[in-house]
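One structure is given below, represented as structure tokens, and several questions about it will come after.
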Amino acid sequence: MLEKEVLIANKTGLHARPASMFVQTANKFHSKIVLKTAQKEVDAKSILSILSLGLTKGSSVILQVEGDDEEAAMQSLTDLIASKFGEAE
């Protein structure tokens, strides 16, 4: 199992479009993928679950990946977050 704390840095946080991009990327992998905050843990392959976290710019969240393709999944998802979901500054 891999676990990493990531910072949501895009200006609009994980609203519908970036959450959709995140879910589409997560669903490419067989691994179980979870996002965790201090209050809640959700399935990262569900857009409604991700939106329920209410992640805004500056939010910190734990990304947890477990499965046979966990390394590729973690890299792909952290790259997506680091790219700020393609949003301009």
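Could you tell me which of the pairs Lys11/Lys45; Lys11/Lys84; Lys11/Lys32 are separated by over 18 angstrom between their Cα atoms in the structure shown? Please list the in-between numbers first.
Details: Lys11/Lys45 22 Å; Lys11/Lys84 8 Å; Lys11/Lys32 28 Å.
Table pairs above 18 Å Cα-Cα are Lys11/Lys45; Lys11/Lys32.
Which aspartates and glutamates, on any chain, are close to Lys28 with Cα under 16 Å apart, when same-chain ones fewer than 8 places away are left out?
Asp43, Glu66, Asp68, Asp69, Glu70, Glu71, Asp79
Count charges around Glu3 for me, please; just the other residues with Cβ under 13 Å from its Cβ, Lys/Arg as +1, Asp/Glu as -1. Before the final figure, lay out each step's value.
On the way: positive: Lys4, Lys32, Lys36; negative: Glu5, Glu41, Glu66, Glu70, Glu71.
That sum, taken over residues with Cβ under 13 Å, equals -2.
Round to the nearest 0.05 the FRET efficiency obtained for Ser83 and Ala38 when R0 = 30 Å and r is the Cβ-Cβ distance.
Details: r = 26 Å, r/R0 = 0.85.
Efficiency, from the Cβ-Cβ distance: 0.75.
Evaluate the charge dipole of the chain about its Cα centre and quote only its size in Debye, nearest 20, assuming +1 on the Cβ of each Lys and Arg and -1 on the Cβ of each Asp and Glu. Please list the in-between numbers first.
Details: 10 positive and 12 negative charges, 91 e Å.
That gives a dipole near 440 debye.
Rg to Rh for the range 1-57: what is it, with Cα atoms only and Rh by Kirkwood?
Ratio of gyration radius to Kirkwood radius for the range 1-57: 0.93.
Would you pull out the residues with amide H under 5 Å of Ser59's amide H, same chain only if 5 or more places away, H placed 1.01 Å from N?
Hits under the 5 Å cutoff: Ile8.
I would also like to ask the following. Ignoring ligands, DNA and RNA, please state the percent of accessible area on the chain from carbon and sulfur, probe 1.4 Å.
Looking at the chain in its full context, I get 52 percent from C and S.
Hey, what do the phi angles of the range 5-15 turn into as Karplus ³J(HN,Hα) couplings, whole Hz, using 6.51/-1.76/1.60 and θ = phi - 60°, x for Gly and Pro?
Karplus-based 3J(HN,Hα) across the range 5-15 equals 8, 10, 10, 7, 10, 6, 5, 9, x, 8, 7 Hz.
Helix-derived [θ] at 222 nm for the chain: sum -39500 (n - 2.57) over DSSP H runs of at least 4, divide by residue count, nearest 500?
Details: 3 runs with 30 residues, N = 89.
The helix-only estimate for the chain comes to -10000 deg cm²/dmol at 222 nm.
The values are calculated or read from the model by the stated rules, or taken from the named source; none is laboratory data. This structure is a prediction, so every number in the text was calculated from the model and none was measured. Cβ coordinates were reconstructed from backbone atoms using ideal geometry, including for glycine residues, and neighbour counts include every protein chain displayed. Note: areas computed on protein heavy atoms with side chains; ligands, DNA, RNA excluded. Shrake-Rupley method; radii C 1.70, N 1.55, O 1.52, S 1.80 Å.
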